[in-house]
Structure formats: C-alpha cells, structure tokens
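Chemist: Just passing along the structure, written as structure tokens.
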Amino acid sequence: MQKGNIGVTTENIFPVIKKFLYSDHEIFLREMVSNAVDATQKLKTLAQQGDFKGELGDLTVHVSLDTEKGTITISDRGIGMTEEEIDKYINQIAFSGVNDFLEKYKDNANNIIGHFGLGFYSSFMVSKKVEIITRSYKEGAKAVKWSCDGSPAYEIDEAEKDDRGSDIILYVDDDCKEFLEKERIQQLLNKYCKFMAVPVAFGKKQEWSSDEKKMVDTQEDNIINNVEPLWTKAPSSLKDEDYKSFYRTLYPMSDEPMFWIHLNVDYPFNLTGILYFPRIKSNIDLQRNKIQLYCNQVFVTDQVEGIVPEFLTLLHGVIDSPDIPLNVSRSYLQSDREVKKISTYITKKVADRLQAIFKENRKEYEEKWDDLKLFINYGMLSEESFYDRAKDFALFKDTDGKHFTFDEYKTLIESAQKDKNDQLVYLYATDREEQYSYIQAAKDKGYSVLLLDGQLDVPAIQMLEQKFEKSHFTRVDADIIDRLIVKDDQPKSNLSDDESANLSQVFKSQMPKMEKTEFMVEVQSLGESQRPVVITQNEWMRRMKEMSRFQQGMNFYAQMPDSMNLVLNSDHRLVKEILSTLNSQLSTDLKPIDAELKGQEARLAAIRQQQEGKKPEELTQDDKDMKAECEKAIEEQKQKKQDVLSGFAAQNDVVHQLIDLALLQNGMLKGEALDKFLKRSVDLIK
C-alpha cells in the first residue's frame, strides 16, 4: 500500500474548493461524466491508430446511485490508469497559491474547473470521500484503488477489477443529500450531458407492468444522451422537420421558430451550431440566455453575452466550439481576440441569412416582420456593423400593413412630405386604433403614416434620424395636421387678440386636473372642416420621456409632467358659437374690466418709462409704491376677468362637451368624468 500527500502548495486546497465552488456545486457531475467520456474517446482514438488492438465492446458510460451507501458511481470502459498515471494526474495539482486563486477565480466556478486541471477535484464539492478503482487498457496492467477523504492525504492500494476503465465512487456529504435523489441526477444529466459524444446510461428504461400496475425497470439501459446531435451533421443531409424537431428537444414549451442558421466553420477557428430565430414580438428580457454553449458536445453555460454580440442573445439554439476560452471571466472574454473573431463571424452569418431570406422570399419575410423587428432594431442600435448590413433588409410597415425598405419608403414620401426647409418628415403612429383620427387626418392630406409600435421603435427613431439625411420623425398626434409638415407660413386666426385670449381662458378654466399632466390652450385657424378641438403632445418632450425608459441619466425627463396642447379651431362652427355667446352674454360685465385693465396697463407703461435708466437706489419709496400699486391693480382686474370667463364656461355644456370629446379621443376620459360626459351627451341630443 502507498500513502502520501497530494502535491499542492497549501493544506487548505479542499476547503477552498468546497467554499468557492459551492455556488455552482452541481457542476461536479458534468466534470465526472465528461472525464469518463474523454477516457473513452481516447481509447477509440488509440484503436483507430492501431495502438489498441483489443475489442472496444460496449463503451457506454454508466452513472448509478446507491442510496443506502450514499454513493454516486461513474463508470467507464475507457483507457483507465496505472498507479504511475494516478500519481501523475491525480496526486499532483499545478496550483499557484491560495491568494492568487481566490483573487482571480472566486466569482466563477467554471474559471477554476479546467483552468487548473481541477475537474476531478470538483467531486469534493459534494463528497466526504472519493474512491477511484481503475485498470489501464495496457496489457498486463493491474487494477488500482485510490481513495481520499477530503484532506491532502490519500491512499493507493491494489484492487480487483476484471475490465479496463475507471469507476469513480463519490461518498456524498451530509449537506449534499439532494444529489442522492434520482430526479435530481436525471435533471443534471439532461442539462449537462444530453449531447455528449459517448452513450451515457442512468438506470434502466421503464415500461408499464399490468401485473404490478406501475412502471418497472426493463433490462435495457436508459441512455440519456444523443451522441450525434443535429449540429454535428451536414446541413445538406437535414430537412426542415429535423431542425424543428431538434428545436422542440431544446425548448419543449416554445412556439415554432421562424427560421434558423446552421453554423459550420473550421478556419480560423472551429465552431459549429444551430441558431434559431424565435418569435420575439415584444419582450426582450424574456428571451435572454436561450443559446446553449457547448465545448465538444459538453454543456458549458447558457449565458453567452461575452461570446456573441448582445443583440444575438435574443436568438435560441446551440454553439459548440473547442476554441472559446472558457477558463476566463466574461469581461475578459469580450476582449479576447479569438472571441471577437467568433462574434464577428456569427454576426455576419446572421445578417447574410436574413438578407438571403429577404431576397428569396420577400412575402414570407414580410409576414414574419412583426416578430423580426425587435431583433433587427436591437442589432442596429447596438452594433454599427450590423446596421450597415441590415439597412438593406430592415423594413418599415405603414398603417395599412404595407412593407417598404428604407430606400423604397423614402422614394414613396419624397414628393409629398418635405417641409418648407426641405426636411423629409416621416409621420408615424404607435397605436393604430387609439390614434385613428390623427392617422386619418394625415391620410386625407395625402400623407403616409408608419406604424411604429414595437418595444425599441423609439430608440430606433433616434438612430435613424442620425443616419438619414435631412429627415426627422414626428408622431402623427404631435401637432395639428397643418403643422406636422409645414409647407409655408401658417394662416393667422381671424380673431382679435382679446377674443383669442378670452376663448383660451374659457377652455383653460375647465380643463381637468390630472396627475403629471399640464394643458396649454391655443387658438388656431384650421379651416371649417377640421375638428373644433384637438389635443396634441410635443414630439420632442414625449420622445425624451420615452427614451428615459431605456437610457440611464435621463430620469429627469421621466419625472416631468406630460405637456399637452389643446388647440381650438377658430374656424369651426361650434367654437364660433361659443365666442358669439360669450360676447353677447359677457359684454356688459367685461367692458368696464377691460377699460380699467387697459387704463392700468397704460399707467404702468408710463411709470416704467419714467423710471427707466434709474438705479434701484435712486428710486424713492413713493416711486416703488406707485409701481407696486399699479401692478396689483392690474392683477386684480385680470383675476376679475378670469372669474367672469370661468363662470361663463362652467355653465356652458358645449365647452365641456368639446373638451371631453378631445380627451376621449386620446384615451384620457375615465371614471366620473366619462360618466358625466355620457349623461351630458344624452341631454344634448335634441
């Protein structure tokens, strides 16, 4: 019997492994099975080269549980080890000091496993004792048993083993009993090992027993993996149904994918895989971490942000590459030269595939555009190189459901939608139903309106305004129709300044109080056929508020109230009638107020002229009092006038009806206000 200490530079190796791999301690099973597969693959290679002349036989790796003994056993019929090889590969750990180890790798278990050859030692994350019973494939080799109880001390002894290969026996620790549950092991094997290149068996297949009225084991091994997954096969040998079936294997509860890309490259790096385009529609966050990264058919992670560009994490599928440096942190991955090459290659393949589908079957592409749009917008926003490719197959969809490339749409609107400054104006709506009347008003003017109702459409607008020359986007309800695309100087209202001010005050006094909403009222000459009252919202301010949801540092805009404009059409019959009624009913009350107001304003102008050029210290107290008294008198008259106009407005059902109609059109009339509107509507019907 041989005894000794494992060759490490510290006595604390096992506590360190336990502590700092514990957050990812399930990884042990992947490492154990992966080692067994590697040993088997090595034997197959030796046989192919003629260095092993024996019978390969059944090469299945077996995983078994013994709940009574509290053990997990991983058995293979690979190359096995001699006592010397155990001493070389198991007893010597290339380890450069605990401090460096903790500092560099404390946050990532995958960094440790593999980087230091510690795959086998991950078994001590869950085990209080580990045994290896192994026999080399070499002729005349004797079986050896190695055991270690989680300290650097180990024992090597002779053993009985008739066949080549290794049995790794893990005596599961008391705080890891979950790994003695069949369902838990089945789950981990399915997660980490379902595409390993050598058959892996766990238990026996089951069938229904009519005698025992339950599922019972058969004699056939339960193989948990597919040794030739779809991405390892030639694309020319596969049909659409093969790809769809494989997708269902990966994501059993998902909708059918739109299409896919089969990756297969061997220079300047090795990479295979299949990437699927899911039906994303509206929620980016639900789509992440669906690409599974494999290394030689061994599952590594589903967090691939460092390996593919961020927007490609919306795709689903598999990437398999032995060349991705898995032993480094994700922040380092992003700056790694080889990873950059892989990322660039995948981006190009995705763009090429989309371009090909667009050219080969545009109708099908357009049908899938609503699902594709979020993905393509995300790519154009986050990757300059992707925009350069995608601008030829990215689409606009108008409110009639027609699709256009960027160039096609520019040609369509160029003649009708340029303003007086030669700026091309892209009109858009975000909700076809809610903004219907605004859309219709634009169409009546001969304009086209885009439907931009996606999660990333607002940020995309910002980007496109920078890409397109002399162009800007304006939402169709951002202003009255004649000011959305200003062709020439706007017609002036035919009302006097006093009439416009009175009319504005009448409506302003009756606007509802809404949380985080401010209303401005203005009078415009819009034509007799246009609506009497329209609510618009400033394009720039609304866009800033919407952008604040996507960009840090813009919370200031999110806290600001919505600024809404209530535009009164002075040409409309109803507005004219309100003004006529106002003039006839309030003439007697307003004349003396207006006269006093004008007199006081004239007096204030004279006082200001008299005091102009004087420094504050040169003014007497009488000068200051006289000015203050005049300003107070003006405010009192203004308040009187406002009270008279507000009293008139409060009693005028048409004013309230027009305001409520404008609010209703914008989805802003609710609760008690909506109920009052409905009752008033019935009363107004003659």
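Chemist: Need the failing condition index for residue 537 against (1) polar (S, T, N, Q); (2) at pLDDT 85 or above; (3) closer than 30 Å to residue 369 by Cβ; (4) in contact with a strand residue (DSSP E or B) (Cβ under 6 Å, 6 or more places away or on another chain), just the number.
Modeler: (2)
Chemist: Identify all residues within region 655-682 that are touching a residue at least 60 places away in the same chain (Cβ under 8 Å) and open to solvent by less than 50 Å² (accessible area, probe 1.4 Å); write none if there are none.
Modeler: Across region 655-682, the qualifying residues are 655, 656, 658, 659, 662, 663, 665, 666, 667, 668, 673.
Chemist: Which members of region 512-529 meet the condition of being crowded, with 19+ Cβ neighbours inside 10 Å and part of a loop (DSSP other than H, G, I, E, B)?
Modeler: Scanning region 512-529 gives a single hit, 526.
Chemist: So, one more: What's the number of the only condition in (1) modelled with pLDDT of 95 or more; (2) open to solvent by less than 20 Å² (accessible area, probe 1.4 Å); (3) not aliphatic (A, V, I, L, M) that residue 474 fails to meet?
Modeler: Among (1) modelled with pLDDT of 95 or more; (2) open to solvent by less than 20 Å² (accessible area, probe 1.4 Å); (3) not aliphatic (A, V, I, L, M), residue 474 violates only (1).
Conditions (1) closer than 22 Å to residue 507 by Cβ; (2) open to solvent by less than 70 Å² (accessible area, probe 1.4 Å); (3) not polar (S, T, N, Q), marked per residue:
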{"residue": "568", "(1), (2), (3)": "yes, yes, yes"}
{"residue": "571", "(1), (2), (3)": "yes, yes, yes"}
{"residue": "595", "(1), (2), (3)": "no, yes, yes"}
{"residue": "601", "(1), (2), (3)": "no, no, yes"}
{"residue": "610", "(1), (2), (3)": "no, no, no"}
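Chemist: Report, by residue number, each residue of region 351-367 that is surrounded by fewer than 15 Cβ atoms within 10 Å (Cβ to Cβ) and either basic (Lys, Arg) or assigned to a loop (DSSP other than H, G, I, E, B) (or both).
Modeler: Answer for region 351-367, where residues must be surrounded by fewer than 15 Cβ atoms within 10 Å (Cβ to Cβ) and either basic (Lys, Arg) or assigned to a loop (DSSP other than H, G, I, E, B) (or both): 359, 361, 362, 363.
Chemist: Which of the numbered conditions does residue 157 fail, given that it passes all the others? Conditions: (1) open to solvent by less than 30 Å² (accessible area, probe 1.4 Å); (2) at pLDDT below 95; (3) part of a strand (DSSP E or B).
Modeler: Exception for residue 157: condition (1).
Chemist: Could you list all residues from region 370-400 that are without any contact (Cβ under 8 Å) to a residue 24 or more places away in the chain, open to solvent by 10 Å² or more (accessible area, probe 1.4 Å) and outside any helix (DSSP H, G or I)?
Modeler: 400
Chemist: I've got another one for you. Under the condition of being among the acidic types (Asp, Glu) and part of a strand (DSSP E or B), which residue from region 202-224 is nearest to residue 37 (Cα to Cα)?
Modeler: Step by step, filter region 202-224, then rank; the result is 221.
Chemist: Taking region 401-444 on its own, how many of its residues are open to solvent by less than 50 Å² (accessible area, probe 1.4 Å) and under 30 Å from residue 348 (Cβ atoms)?
Modeler: 6
Chemist: Moving on. In this structure, is residue 170 at pLDDT 95 or above and in a strand (DSSP E or B)?
Modeler: Yes, satisfied.
Chemist: Could you list all residues from region 141-154 that are over 13 Å from residue 90 (Cβ atoms), open to solvent by less than 70 Å² (accessible area, probe 1.4 Å) and more than 53 Å from the chain's Cα centre (by Cα)?
Modeler: Within region 141-154, 141, 143 qualify.
The values are calculated or read from the model by the stated rules, or taken from the named source; none is laboratory data. None of the values given here were measured: they were computed from a predicted structure. Because the Cβ atoms are built from the backbone with ideal geometry, glycine has one as well, and the counts that use them run over all protein chains shown. Heads up: the accessible areas ignore ligands, DNA and RNA and are worked out on the full protein's heavy atoms, side chains in. Shrake-Rupley method; radii C 1.70, N 1.55, O 1.52, S 1.80 Å.
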